[in-house]
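**Student:** Structure incoming, see below.
The values are calculated or read from the model by the stated rules, or taken from the named source; none is laboratory data. Everything quoted here is computed from the prediction, not taken from an experiment. Methodologically, a virtual Cβ is constructed for each residue, glycine included, from the backbone with ideal geometry; neighbour enumeration extends over all protein chains shown. Heads up: the accessible areas ignore ligands, DNA and RNA and are worked out on the full protein's heavy atoms, side chains in. Shrake-Rupley method; radii C 1.70, N 1.55, O 1.52, S 1.80 Å.
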Amino acid sequence: MVVEDIEEIERKYFVDYDISDIPDMLCTYYENKEFELVYYLSERYRTDFFQCEFYLMMSMMELGLYKRAYKCYKKHEGDWFQSFKQFNIYWKHAAIYSLYFKDMEISDYYWDIFNEYFESKIVQVVELIYDGMSESIQNTELFKNLSKDYPLLNKVWDRGSQKELQGLSVKSEKWQYYTDYNFQISDGDEYGIELVYMENDLEIYSYKPKNVAASMHILRDKDCTIILDCGSEMSQGRVMNIPVRSILNRLNIQHVDFALVSHAHLDHYGSLSELKKTKVFMTEETGRIIKCVTNDVRFNNIQFVEAYSYLEFDDIWIQFIPNGHILGSVLFDINWKDKKRIIYTGDFSLSDQCTVRGLDLKDITKNKTKVDVLLMETTYGDKTDMLTLESYEKIFISLCEKYLKYGNKIFIPCFAVGRTQETAILLAETVRKGGYNIMIDGLSIKVTKLYKKIIDSKRDILNGRVNSCNGIRDIDGKIDNNDVILASSGMMQPGSTAAKYVERLLERENVCIMKVGYINESQGMLNVIKNRQYDEIHFEDISLSAHAGYLELIETVETINPDTVIYVHGRGIVMDEI
Ligand SMILES: [Zn+2]
Ligand SMILES: [Zn+2]
């Protein structure tokens, strides 16, 4: 089906919304090409997939096509079910399904869950349903009939009671954020260190960066001080170290017993050079990657630890648990002198990626000791879209195929460590099948070679077709000779290889630039590209993430069930939209 046909469907069913003959055409199409259509619609209406699928399903229901709608529901019940179990935003959906599918083969099990979740919330939920539904649905006999089973529903028909209804934003009381103890050390407001936890004599401090989130946390009691991660920031193409010494001075810390590094991203190890004599522990993979990308870190004081091994120091036990972020990354499960159990997640992901398995929360919960403090990254804590990484990967591949088919060049700025290799693997099959040329450039070349050496992966990162050639000379030639180019820096920092490509590509036609990872909008060239995207440049923003998304963060908190959660490395979990 060509674009015009999709536009015709769209005009007919989503703009004019003449519902008289949606079913067959839409459903036929939906079954065959559902993915493409939904993506197209979500792009067009700037809404998310779930919403689109949801609207499609609603239109089916509106037409009384419950079987078809139910099929659609079944297809996603895993996602949705998971979601609404945990999220307010999906109570609405769940409630609708439960109302609509009451006569369908929904098991008792589901009803129990629904009831458990809705009993106390039914008024609010129904109110949301009401708001979310088109008038024609509200007026259907079906809905009215079903509403008889829910006495509370009638209250909602009375719009007068609306004011008393509260929003659904709920925060567990356990999720404390110790802002009471905040204080700041500032050098012209460039940075701060925040006391985020204090109990008995144990204190946890967290570095508060001004821009990009460089990570550093300090745990200490009267006898012992350890540092978790020691990153640096990249600002306008310059690396800026954390002023570790002056922070330690201000906190009156004369001696650091040791430091731990969670993974080989600059924002977690970049300031290690400030810790001249301190002993540092990291996994061997992390060490090898750091060595590959920088000469700034001296390895005299670094000791390698194995995944799942323990480190013991003065009654402090630390286990290094693989956390699914990038090759070699680990979280720290810290038992502090049998008094407190503290988990520092580092950057983490529950989803499997091509080069690394997702964090298995059982690795944490199988040790039955209660977790007192969860120090959790929240890079994507404010991203409320609900698609899984797997879905995003599918979107990414299908988009690339589409662009390539119509003769576009695809440029993907990627972090040299992790994202480049993941992306290359995802594209391997497409590239092979289509006979396309793909190239990796910049710092990523070295790292990719190292990844190949380390990984025992069935999936070949380079697939034999990737050209890599270093240097920034002859960029035009490289663009001419390749269909897909991946280059660092991922943020397109000024002066980086990626930025140089973008400068040239902006002068061309038939180019698609894909954002596949975190980019700080205040830096690099993202804004320049975005300003041009409606003219001649295609720009796609696909969330391929090595970080836990909103759902995974909540799942992590619920599963670990700690007394205190401290959000770091992001804005925290933000429920800003229902
Ligand atoms: Zn990272
Ligand atoms: Zn990070």
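Condition check ((1) over 15 Å from residue 278 (Cα atoms); (2) open to solvent by 40 Å² or more (accessible area, probe 1.4 Å); (3) not polar (S, T, N, Q)) across all residues:
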position	(1), (2), (3)
205	yes, no, yes
215	yes, no, no
223	yes, yes, yes
251	yes, no, yes
256	no, no, yes
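**Student:** For the condition more than 16 Å from ligand 2 (Cβ to nearest atom), touching a Leu at 6+ places or on another chain (Cβ under 8 Å) and among the small types (Gly, Ala, Ser), what is the one hit in 434, 407, 418, 442?
**Tutor:** On inspection, the qualifying residue turns out to be 434.
**Student:** Which of the following residues is within 15 Å of ligand 2 (Cβ to nearest atom) and among the small types (Gly, Ala, Ser): 246, 271? Talk me through it step by step, then tell me what you get.
**Tutor:** Working: 246 fails: within 15 Å of ligand 2 (Cβ to nearest atom).
Exactly one of 246, 271 is within 15 Å of ligand 2 (Cβ to nearest atom) and among the small types (Gly, Ala, Ser), namely 271.
**Student:** I've got another one for you. Return the pairs, sorted by first residue and then second, in which the second residue is polar (S, T, N, Q) and assigned to a loop (DSSP other than H, G, I, E, B), the first residue lies in the stretch 190-213 and is within 16 Å of ligand 1 (Cβ to nearest atom) and at pLDDT 80 or above, the beta carbons are less than 6 Å apart, and the residues are 6+ apart or on different chains.
**Tutor:** none
**Student:** Taking only the stretch 404-435 into account, find how many residues are among the polar types (S, T, N, Q) and more than 23 Å from the chain's Cα centre (by Cα). Show your work before the answer.
**Tutor:** So the first thing to find is which residues in the stretch 404-435 are among the polar types (S, T, N, Q), and the list is 408, 420-421, 423, 430.
Okay, now just the ones that are also more than 23 Å from the chain's Cα centre (by Cα), so 408, 430.
Residues meeting the conditions: 2.
**Student:** Any residue at all in the stretch 223-234 that's within 16 Å of ligand 1 (Cβ to nearest atom), under 26 Å from residue 310 (Cα atoms) and not in a strand (DSSP E or B)?
**Tutor:** Looking through the stretch 223-234, at least one residue is within 16 Å of ligand 1 (Cβ to nearest atom), under 26 Å from residue 310 (Cα atoms) and not in a strand (DSSP E or B).
**Student:** Here's something else I'd like to know. Answer yes or no: is there a residue in the stretch 328-342 that is assigned by TED's automatic domain parsing to the domain that holds residue 220, farther than 30 Å from residue 223 by Cα and part of a loop (DSSP other than H, G, I, E, B). Before the answer, list the steps.
**Tutor:** Taking the stretch 328-342 first, the residues assigned by TED's automatic domain parsing to the domain that holds residue 220 are 328-342.
Still in the list and also farther than 30 Å from residue 223 by Cα: 328.
When the remaining residues are screened for being part of a loop (DSSP other than H, G, I, E, B), the result is 328.
Yes, the conditions are met somewhere in the stretch 328-342.
**Student:** Given the options 433, 500, name the one that is over 26 Å from residue 347 (Cα atoms) and at pLDDT 90 or above. Give the derivation first.
**Tutor:** On the way: 433 fails: at pLDDT 90 or above.
When all the criteria are applied, what remains is 500.
**Student:** Let me spell it out: the conditions are (1) over 30 Å from residue 204 (Cα atoms); (2) among the charged types (D, E, K, R); (3) modelled with pLDDT of 85 or more, and residue 394 meets all of them except one. Which number is the exception?
**Tutor:** Answer for residue 394: the failing condition is (3).
**Student:** Can you tell me which residue among 336, 317 is away from ligand 1 (no atom under 15 Å from the Cβ) and either under 16 Å from the mean Cα position of the chain (by Cα) or open to solvent by 40 Å² or more (accessible area, probe 1.4 Å) (or both)?
**Tutor:** Residue meeting the stated conditions: 317.
**Student:** Something else: Restricting attention to the stretch 249-273, which residues are more than 13 Å from ligand 1 (Cβ to nearest atom) and in contact (Cβ under 8 Å) with a residue 24 or more places away in the chain?
**Tutor:** Correct list: 250, 251, 253, 255, 256, 257, 258, 259, 260, 271, 272, 273.
**Student:** As an exercise: evaluate residue 286 against (1) at pLDDT below 90; (2) among the polar types (S, T, N, Q); (3) within 16 Å of ligand 1 (Cβ to nearest atom) and give the number of the one condition it does not meet.
**Tutor:** Evaluating residue 286 over (1) at pLDDT below 90; (2) among the polar types (S, T, N, Q); (3) within 16 Å of ligand 1 (Cβ to nearest atom) leaves (1) as the failure.
**Student:** Also, quick follow-up: Give me the strands (runs of 3 or more DSSP E) completely within the stretch 470-563, filtered to those with at least 1 residues that are surrounded by fewer than 14 Cβ atoms within 10 Å (Cβ to Cβ) and of a type outside the set (S, T, N, Q), ordered by residue number.
**Tutor:** Details: elements: 484-487, 511-515, 538-541.
Result: 538-541.
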